[in-house]
1. At most 15 other C-beta atoms within 10 Å and a DSSP loop state: those are the exposed GluC sites (Glu not before Pro) I care about. Give me the longest piece of the chain that has none.
2. On the protein heavy atoms, probe 1.4 angstrom, tell me the percent of accessible surface of the chain carried by carbon and sulfur.
3. Would you be so kind as to identify which of PHE43, ILE26, LEU328 lies farthest towards the positive end of the dipole of the chain, taking Lys and Arg as +1 and Asp and Glu as -1 on Cβ and the Cα centre as origin?
4. Could you work out the helix-only [θ] at 222 nm for the chain, with each DSSP H run of four or more residues adding -39,500 (n - 2.57) and the total divided by the number of residues, to the nearest 500 deg cm²/dmol?
5. Roughly what % of DSSP beta bridges within the stretch 40-173 run antiparallel, to the nearest 5?
6. Would the stretch 389-440 count as rounded, prolate or oblate if I go by the C-alpha gyration tensor, calling it rounded below 1.5 in a/c and otherwise prolate when a/b exceeds b/c, oblate otherwise?
7. For the stretch 231-319, build the charge dipole from Cβ charges (+1 Lys, Arg; -1 Asp, Glu) around the Cα centre, then report which of GLN253, ALA281, SER243 sits farthest towards its positive end.
8. What is the P(r) of the stretch 226-271, as percent of Cα-Cα pairs per 10 Å bin from 0?
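The values are calculated or read from the model by the stated rules, or taken from the named source; none is laboratory data. Since we're looking at a predicted model, the values are computed, not measured. Quick reminder, even Gly has a Cβ in these numbers, built from the backbone with ideal geometry, and neighbours come from all protein chains shown. When the accessible area is computed, the model is the full protein with side chains, heavy atoms only, and any ligands, DNA or RNA have been set aside. Shrake-Rupley method; radii C 1.70, N 1.55, O 1.52, S 1.80 Å.
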Amino acid sequence: MDAAALWQRYQDWLYYHEGLGFYVDISRMRFTDEFVSMMEPKFAQAFTDMTALERGAIANPDEDRMVGHYWLRDPDLAPSDGLKHDVVHTLKQIETFAQKIHAGEIRPPQAQTFTEVLSIGIGGSALGPQFVSEALSGVQPPMNIHFIDNTDPAGIDRTLEKLKNKLSSTLVITISKSGGTPETRNGMLEIKRAYEVRSMNFSQHAVAVTGEGSKLDEQAKREGWLARFPMHDWVGGRTSEMSAVGLLPAALQGIDIRDMLAGAKEMDAATRIHSLQENPAVLLALSWYAAGGGKGEKDMVILPYKDSLLLFSRYLQQLVMESLGKELDLNGNTVHQGIAVYGNKGSTDQHAYVQQLREGVNNFFVTFIEVLKDREGNSIQVEPSVTSGDYLSGLIQGTRQALYENNRDSITVTIPEVNAKTIGALIALYERTVGFYASLVNINAYHQPGVEAGKKAAASVLDLQRQVVDVLKASGSSMSLAALAEKVGAGDRIEFIYKIVRHLDRNERSVSISGNPGNLSSLQISSR
């Protein structure tokens, strides 16, 4: 395509939202007019599906629940007065609590004020708050935030070491809808123990964000925690950033949560427009479908050209991959859908994997995230009439052009600056895009059977571990792996048993291994 035709295509497909200052450019995606016409009936159905969701249709049959994250930023859309009240009341509760914490009206018993926030959660209960913190938290926020987002003991120890002298002024938020998520429960118990060994009362530092009546909710009530905030059953983890999950940590950091909600609400309105070229989420979903043939045949590479947006690709990994990675479609057919997501940041990526993007395997499409405003205040000239920000802008334009010249597709999403309103809008844009794309490929974006299968498998391994330890204790003698597996009645799970005893032995817990680690049949296992 010559320069004149490419310029015309750019004008034809450039989307601009005046209120938000957002641009979406899909002109460098190689789809045809015939393809667009073919997609129109699919989008007509997608609009119908999305309207039904917003009106309260059951979207997650596994849990018999609605999906209503859009009500969080526009309570008037909630399908009942009760739901509307819950949203409005929770928001006010969050703001009041954060104000009292900042003012010292709620304070720790052994310090003047709370200075730190420790957020314990996993998946959507961590990725959203982490992304928003990185993007929006100031250089000197009213409270510094730390995260435990795994059940890695060494990682927990590292976080505790950072907080060693500040634990007395740390507010601990535990986030789990069911209250039974093992990774989150483990983190909470580890931190609770850290308070106990320092003779401090954990309850006087603890806050729960959880489902009403959950195990965590009951524990918080029983132990007299500082506060409890609800996780509504109609908000999924990966779309929970605008709920107490994300708003409470953000408010404590001094982030304007009302602006975040306003940006999301405005983007939601824009993505309800029933027009292919006037709806930014439709443009993205159309491009995703075109790139991967509606089968996820190409990966999505997210390249934000702003340091503060570094974690956006991690946030999108869960939102996109957990929502779209499905074995079965809505009719029960095996389809193995999904889009793989990865990303770095510009211009770091210039010195990392852009080489492969331009000249290697053509199994991806890129989304550039461009931010127009360089910084607060003026910039120096690093060359005559050129600033550091000019270089960043030049690199994004140059990379986009270099990829296109070598038949590599890209989308560019441009925002005016990074602030609470634009971050809220960016989150809402991708939430809606995922919903539209799921409709196009006839899958349920709002359940996660694969995740549940992994949890059940992990539980079975831990149950096997308990059996192994009990058998060894009862035996009182050493035995081979094969004999141990037979004794446990799990001969078909001998590899699991080997990995269990190897882990226990390395941590000097209940099991001892002797023999040559390179010859598994020679190993002797005994109770420690």
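1. Working: sites that count: GLU18, GLU63, GLU105, GLU212, GLU278, GLU297, GLU327, GLU376, GLU417, GLU508.
In the chain, the maximal stretch lacking such sites is 106-211.
2. Numbers: 11410 of 23880 Å².
Ligands and nucleic acids excluded, carbon and sulfur give 48 percent.
3. After comparing all options, I get LEU328.
4. On the way: 17 runs with 246 residues, N = 528.
Counting only the DSSP helices, I get -15000 deg cm²/dmol.
5. Numbers: 2 of 11 bridges.
Antiparallel bridges make up about 20 percent of those DSSP assigns within the stretch 40-173.
6. Numbers: a/c = 5.95, a/b = 1.28, b/c = 4.66.
Oblate.
7. ALA281
8. With a bin width of 10 Å, the distribution comes to 25, 49, 25, 2.
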